[in-house]
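Visitor: I have a structure I would like to understand better, so I am pasting it below and will then ask my questions one at a time.
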Amino acid sequence: MPNNKSFLNDFELERHIKLMGDRDLLEFTARQAYDTCKLVAKHEKRIVALETRSNRITGIAGGIGTMIGAAILAMLNWFVNR
């Protein structure tokens with residue numbers, strides 16, 4: 001059985017599950033769910049920071065693009081009306 005940090009490939013997992021009894025399978029599933037929850041909780045702040053930063057960067061880039069577009073249109077309008 002591998003340690004809790006590695007994942008079994010599909011074939012090994014199927015073989016391993018078929019060889020387990022009911023209680024062993026229940027404990028294995030509970031351990032895997034618990035390890036996943038711990039991992040998600042550990043990285044929750046980092047994931048939220050990355051998602052927030054991505055939205056912020058997209059908003060800033062959109063604002064800059066809008067300002068450049070407005071400046072170009074203003075210059076074109078000024079040259080056309082001149």
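The values are calculated or read from the model by the stated rules, or taken from the named source; none is laboratory data. A quick note: this is a predicted structure, and the numbers were derived from the prediction, not measured.
Residues checked against (1) hydroxyl-bearing (Ser, Thr, Tyr); (2) modelled with pLDDT of 90 or more; (3) assigned to a helix (DSSP H, G or I):
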| position | (1), (2), (3) |
| --- | --- |
| Phe7 | no, no, no |
| His43 | no, no, yes |
| Ile47 | no, no, yes |
| Leu50 | no, no, yes |
| Gly69 | no, yes, yes |
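Visitor: Given the options Leu26, Leu76, name the one that is within 30 Å of Arg15 (Cα to Cα) and hydrophobic (A, V, I, L, M, F, W, C). Walk me through how you get there before you give the answer.
Guide: On the way: Leu76 fails: within 30 Å of Arg15 (Cα to Cα).
Among Leu26, Leu76, only Leu26 is within 30 Å of Arg15 (Cα to Cα) and hydrophobic (A, V, I, L, M, F, W, C).
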